[in-house]
Amino acid sequence: MEKEKFWKVKDSIPAFDGKWISMKRDMIEIPDGSMIEFEGVYYNFEGAGVVARNSENKIVLVKNYRYLTDFYSWEVPAGAIDKNKTPEETIINELKEEAGCIVKKEDLKYLGFCHPSIGSSNQKLHFFTAKNVEQISEDYDKNEIIECGWFTNEEVCEMIKTGEIKDQFSMSMLLWEMFLDSQ
């Protein structure tokens, strides 16, 4: 028997419907019987990212320009999961497209997922690690990626402290992999 929902949607008004996201305004009845208006962002895709290490135990990061925030950020390779692909296939493709790297499926490990904006969106991001990653090309998508580099754990931690890594998804994945997955 399914548990009754804590909040009850009484009305839903679409505000925007795009390729990547949709937005709507819901009228919600909360447990005390009063009504509230709730605005939500609904992602049309889930995402996946990877903390990928080479044989020297260095982590590959890609530098992106982020238009909406107007800054550059080093990030883990990541992307939207197409409807006809698995998260693992997405990781393998993103490593190649963004960093010129290859990895075998058996060298991928699923860590879990997060909802980075749990109070305002349904966005779901899957975390992976990869070992034995090889960079076979520096021919990555120059429209998306500014540069690609390999970094030690210490360098990555310093990049988080100095703000060179600004992306919350990347920070969560890197810290999870370095401090939680190793225990």
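Observations, loosely collected:
- Packing, as the average of other Cβ atoms within 10 Å across residues, places the peptides 143-149, 156-162 in the order 156-162, 143-149, highest first.
- Summarised as an ellipsoid, region 60-160 has semi-axes of 20, 19, 15 Å, derived from the eigenvalues of the Cα gyration tensor scaled by 5 and square-rooted, with the largest first.
- Taking a span of 15 Å or more along the helix axis (Cα atoms) and a mean Kyte-Doolittle hydropathy of at least -0.5 as the rule, no DSSP H helix of the chain qualifies.
- Net lengthening on full extension, K5/F71 (0.36 nm per residue, minus Cα-Cα): 19.7 nm
- E89 paired with I30, simple spin-label distance in nm, labels 7 Å along Cα-to-beta-carbon: 4.3
- Entry note, the chain: relative contact order of 22 percent, from Cα contacts under 8 Å with a spacing of 6+ residues.
- Peptides 28-38, 82-92 ordered by packing proxy, namely the average of other Cβ atoms within 10 Å per residue, highest first: 82-92, 28-38.
- Distance from region 64-141 to region 162-182 (C-alpha centre basis), Å: 13
- MRE, 222 nm, helices only [DSSP H, n ≥ 4, -39500 (n - 2.57), over the chain, to nearest 500]: -5000 deg cm²/dmol
- For region 16-22, 3J(HN,Hα) computed residue by residue from phi via the Karplus equation (6.51, -1.76, 1.60; θ = phi - 60°) reads 7, 9, x, 5, 9, 9, 10 Hz, glycine and proline entered as x.
- Taking a ≥ b ≥ c as the square roots of the eigenvalues of the Cα gyration tensor, region 43-91 is oblate, since a/c reaches 1.5 or more and a/b is not larger than b/c.
- Rg [Å, one decimal], Dmax [Å, integer] - the chain, C-alpha atoms: 18.9, 60
- Between N44 and E147, the FRET efficiency from the beta-carbon distance, with R0 = 25 Å, is close to 0.25.
Every read-out reported here was derived from the displayed coordinates using simple, explicitly stated rules and does not represent laboratory data. Every value quoted in this text rests on a predicted model; they were computed, and no experiment measured them. Heads up, the Cβs are rebuilt from the backbone with ideal geometry, glycines too, and the neighbour counts pull from every protein chain shown.
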